[in-house]
Amino acid sequence: MHDPTARELFEVLVREHADGLMASIRAGAGRAHADDVFQETVLVAWRRLADYDRTRPFGPWLRGIARLVALDLAGRHRRMQVADPSTFDCIERNITQFERARGDGPEPAMSFRERLVALDDCLSKLPAMYAEVVQATYRDTKQLAEVAHAIGGNEELVKKRLQRARAMLAECLRGKSVFASECGDGTEACA
C-alpha cells in the first residue's frame, strides 16, 4: 500500500467540500459565474496549499479563497456582481454550521444534500409570485431591474417579494428541522 500523495489528499479534501464550496460561490457570486470561480478557487488553493494551516478546518479556508477569487473576478468583469461581504460572512456561518452537525441528538443530523432537498421542497411550496422572483434572482441570476421588468413591477416590489419569500422559506425550513441561522444582530435570518 502506498502513501497518498499531496495531490491525492488535496483532491479528496476538495471533493469532500465541493458541495459547500459551490453553494457558497452560487450564493455570493451567482450561478452564471459559479463554475469559473470554482475552478479558479481550486487552482489557487492548490498553489497555496503550503500556506494551509493543518490545525484548522479545510472547508472555511477553501471558501475564503473562493470569496477572494469571486471579488477579484468581479473587479475584472464589470457585468459580474458579487454579494457584499456581510452576505459572504452569513453564508460561511451557515455552511460551517452545516459541516459541524454531528447528529448527537435522537435523530441523525441532516447531510448537506438532504438540506438542499429540503430547500427545494420548500421552494416548490412558495406561492407562484414569490417563487418567480426567487427563481429569477437566485437561480437565473437576473438583476432586480430585469426581474421587475419581467413581472411588470418595480425594483421595490421585487425586493419586498424576495424578503417575504425568504421569510417563508426560513419558516418552512424550521418546520423541517433544517438549520435556519440568525445572522448579524440576530434580527434577520440569512437565507
Taking r as the C-beta separation of Gln163 and Thr5 and R0 as 45 Å, the FRET efficiency to the nearest 0.05 is 0.40
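What FRET efficiency, computed as 1/(1 + (r/R0)^6) with R0 = 22 Å and r the Cβ-Cβ distance, is obtained for Asp35 and Glu146, rounded to the nearest 0.05?
Numbers: r = 21 Å, r/R0 = 0.97.
Step by step, r from the Cβ atoms, then E = 0.55.
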Each label sits 7 Å from Cα toward the beta-carbon; between Glu114 and Glu16 the label points are separated, in nm, by 2.0
Simple SL model, points at 7 angstrom along Cα→Cβ for Ala128 and Val44; separation in nm is 4.3
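Any read-out appearing in this document is the output of simple, stated calculations on the displayed coordinates, not a laboratory observation. Note that the coordinates shown come from a computational prediction; the quantities given were computed from them, not determined experimentally. Cβ: placed from backbone, ideal geometry, glycine included. Neighbour counts: every protein chain shown.
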